[in-house]
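Engineer: My structure is below; once you've seen it, I'll send some questions.
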């Protein structure tokens, strides 16, 4: 049932071209490079934050394992 819902949101070539034309009409040709640059920066910041979060989770997991091993060895 979920797959039939997701198929309705699938984008093909004509849909992407249509969205591009609408964006071009809304923002104009002069604003598109600025818009693309902003989207690129936001994407980069998101990936950076995602990597930092992943690293902090891995560090916390390693510390928890180390503390668990230390407490087991003391017992």
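The values are calculated or read from the model by the stated rules, or taken from the named source; none is laboratory data. Everything numeric here is computed off the predicted structure, so don't read it as measured data. Ideal geometry is used to build each Cβ from the backbone, glycine not excepted, and the neighbour counts take in all protein chains shown.
Engineer: Given the options 25, 57, 6, name the one that is at pLDDT 85 or above, loosely packed, with under 10 Cβ neighbours inside 10 Å and in a helix (DSSP H, G or I).
Structural biologist: Being at pLDDT 85 or above, loosely packed, with under 10 Cβ neighbours inside 10 Å and in a helix (DSSP H, G or I) holds for just one of 25, 57, 6, which is 25.
Engineer: Name every residue in segment 28-41 that is loosely packed, with under 10 Cβ neighbours inside 10 Å and part of a helix (DSSP H, G or I), in order of residue number.
Structural biologist: Hit for segment 28-41 is 33, nothing else.
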